[in-house]
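**Student:** Before I ask anything, let me first share the structure, which is written out below as structure tokens.
The values are calculated or read from the model by the stated rules, or taken from the named source; none is laboratory data. What you see is a predicted model; the values in this text were computed from it and never measured. Here the Cβ positions follow ideal geometry from the backbone for every residue, glycine too, while neighbour counts run over all protein chains shown.
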Amino acid sequence: MPPAHELPATEQRSRKILIIDDDRLNIRILGGILKNEGYLLAEAGAGEEGLAVYEKFRPDLVLLDVMLPGIDGFETCRRLKQLYGDHCATVIFITARNESEDVVTGLAAGGVDYLPKPFKARQVLARIRTHLQNQILSEQQKLLVEQLSTADAAKNRFLGMAAHDLRNPLATIRGLSELIRESPASRIAPEDLELLNGIHDTSHSLLNLVNELLDLSVIESGELRLEPKPCNLSELIEKCAGQRTVDATKKRTRIVLPSPRPRLRVTIDPAKMQQVVDNLLSNAVKYSPHGSTVTVVIHGDRRHCGFAVQDQGPGIPENERARLFSNFGRLSVKPTGGEKSTGLGLAICRRIVEAHKGTITAENLPDRGCEFRVALPLLS
């Protein structure tokens, strides 16, 4: 069994090699060395002829002499690279000259190696096997990437369909539980009211999770579509802060906005950016202790504008920072009121901000707490 870094000989059989050399003796010598290894061979005696043979033969590797009638080996290699780009076969130059400037010229033209004359069979086979092994590994890697991409796309489609099918029933359960709980005609025993509240809170958490999974499936599939229009960023933030007041009040937390608030006109998708602002405010309230303050800072200059949300929570553990904006990137820090967290919100925020050509960052504050900062291109 071959070593782990080598591929079985069967993987290299039937690989096609094109020899371009005007010396028939060189072709006979190389042909004799390579045929015994099971390689399929083609030959050409000049650069232009080599280009024509390449088109029909489509080799996996080219052994190319430097000194050729007509266009030389370097120019032949350049034309092959121009014609076939990333799909061009591996090119190894064969030459009696081994001056450093020739090596540099050959590598610059697109070659990967040199075979010096006179040929030594073991050296020829070792170099060719190495390059073909690298080629086979690259092909296998590309195939694996394609298979993973196909599987990932199927996962996103399934995730999107499942989330879509679950959203309506969960919204109905949450809505009915609210209706029963808040109806004046309902006479609910305290122990039943506790169960009803549990149904409502659980359905609400599940609905949030389903909505985030649906958002993630859209983003991961590359189908995130923005509907940008001019918008006053301060007004959008003020609206989100008002919607978060109820949750903040339950924890005796204040959301403080700058006064006066600057008028900053940006071209954004208001619904998507509202999702970002709402998530950052929600997290700030969620991870801050009772009776704390969440501060919103709005900033802008001639080219950019944005906002920052500052909380008074425990901050981000340095050894967990890499997980902060990743899918399902939950940290060891827990919400202070027992709230649920899916680990998807910040990942979705990052994708939305980046789709707007902006940036989102997070830094711990000097005393305590954390600041999430969003910067967006300013409307010109």
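**Student:** Does the range 27-36 include one or more residues that are of a type outside the set (Lys, Arg), modelled with pLDDT under 90, outside any helix (DSSP H, G or I) and closer than 23 Å to Pro118 by Cα?
**Tutor:** yes
**Student:** In addition: Could you tell me which of the residues Ser217, Ser234 is in contact with a Phe, Trp or Tyr (Cβ under 9 Å, 6 or more places away or on another chain), part of a helix (DSSP H, G or I) and under 24 Å from Pro377 (Cα atoms)?
**Tutor:** Answer to the selection: Ser234.
**Student:** Is there any pair with a first residue in the range 186-209 that is free of Cβ contacts under 8 Å to residues at least 12 places away in the same chain and a second that is part of a helix (DSSP H, G or I) whose Cβ atoms are under 7 Å apart and which are 6 or more apart or on different chains, and what are they?
**Tutor:** Correct list of pairs: Ser186/Ile180; Ile188/Leu196.
**Student:** Continuing with the same structure: Within the set of pairs 6 or more residues apart or between chains, which connect a residue that is assigned by TED's automatic domain parsing to the domain that holds Ile298 inside the range 235-252 to a residue that is exposed (fewer than 12 other Cβ atoms within 10 Å of the Cβ) with Cβ atoms less than 8 Å apart?
**Tutor:** Qualifying pairs under 8 Å: Lys251/His290; Lys251/Gly291; Arg252/His290; Arg252/Gly291.
**Student:** Only one residue in Arg167, Arg174 is touching a His at 6+ places or on another chain (Cβ under 8 Å) and surrounded by 13 or more Cβ atoms within 10 Å (Cβ to Cβ). Which one?
**Tutor:** Matching residue, one of Arg167, Arg174: Arg174.
**Student:** Could you list, in sequence order, the residues of the range 247-268 that are at pLDDT below 90, among the charged types (D, E, K, R) and out of contact with any helix residue (DSSP H, G or I) (no Cβ under 7 Å at 6 or more places or on another chain)?
**Tutor:** Passing the criteria: Lys250, Arg265.
**Student:** Residue under question is Leu68, and the condition is that it be of a type in the set (A, V, I, L, M, F, W, C), part of a helix (DSSP H, G or I) and either assigned by TED's automatic domain parsing to the domain that holds Ile19 or more than 39 Å from the chain's Cα centre (by Cα) (or both); does it hold?
**Tutor:** no
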